[in-house]
Structures are given as C-alpha cells and as structure tokens.
Amino acid sequence: MSTETVRTVKTPRNYDVIAWKWMRYSAILLIPLVWIHVAIQDVIVGVHAIAETEGGAFVYVVERWGNPLWITYDILLLAFAFAHGMNGLRQVALDFIHNPTAQRITSWVIFIMWLVISAIGAYAIVAAAAANLAG
C-alpha cells in the first residue's frame, strides 16, 4: 500500500505569476516566428534582395506588406520579441528596487511602455503598408 501524500500548492495570481506564464506561452509562438523570419529573410530571399531599392522603396518589403497575413506576422513578431525584452528589463530593474510599491509602479510603467511602443510599431507597419499600396 502506498502512503504518499499529495500536496497541492495554491499559486498566487499576481503580476509576477502572470508575467512568468506570459513569457512561457508567448515563447511557444515567438520561437517559430523568429526562425521562420530568419529562414525567409536571410536564407531564402537573402539580404541582398531586401536591400535592393526601386525609387527609394524596398521592393521586397512593399510586396510582402501587400499581404495582411505578413503584416499580422510582423506585428506579432515585434510585440512578442519586445515583450520578452521589456520583461528582461523589468527583472533587472526589480533586482535593484526593493520597495514593494516602487516595484509595482516600475512593473506597470514598463508594461505601459511595452503597450505604447508596440502600438506605435504596429501603426508604423500598417501605415507603411497602406502608403505602399496607395502609392
């Protein structure tokens, strides 16, 4: 007969736990996004083809952003990669900030910075794609 005791641990639902889970789940998508990006941009197409310009526009980028799926792909890549970088920044900042209130404020400021800069990046991608389609 087994006398093993199963111990359950209640995980707190706070910002750190949510950030930790988000990094793990988003990495599942980020890793293939990055490797597909590297394979297409650097191996299949090659940097030389991307850098060729026609009338000041990057022809390859204009063609690529003509497809809404590539626009979505690039926005996701930007947001997930930037989220990982900002979470790293948050971890480093929290190593030096010991006041719980200051830690909470720092975490929220970095999160808001991620949201704003990701939104600006997404807007830039969409606006550039729209400008290329119009002109």
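The values are calculated or read from the model by the stated rules, or taken from the named source; none is laboratory data. It should be emphasised that the depicted structure is a prediction, and the values quoted were computed from it without experimental measurement. In this analysis, Cβ positions are derived from the backbone assuming ideal geometry, glycine residues included, and neighbour counts consider all displayed protein chains. Just the protein is used for accessible areas: all its heavy atoms, side chains included, with ligands, DNA and RNA removed. Shrake-Rupley method; radii C 1.70, N 1.55, O 1.52, S 1.80 Å.
Please enumerate the residues belonging to the range 82-96 that are touching a residue at least 24 places away in the same chain (Cβ under 8 Å) and either open to solvent by 50 Å² or more (accessible area, probe 1.4 Å) or of a type in the set (S, T, N, Q) (or both). Within the range 82-96, 82, 84, 87 meet the criteria.
Each residue in the range 109-129 was checked for being loosely packed, with under 12 Cβ neighbours inside 10 Å and modelled with pLDDT of 95 or more, and 4 pass.
For the range 23-64, the candidate set comprises residues that are among the aromatic types (Phe, Trp, Tyr) and modelled with pLDDT of 85 or more; within that set, the residue that is nearest to residue 118 (Cα to Cα) is 25.
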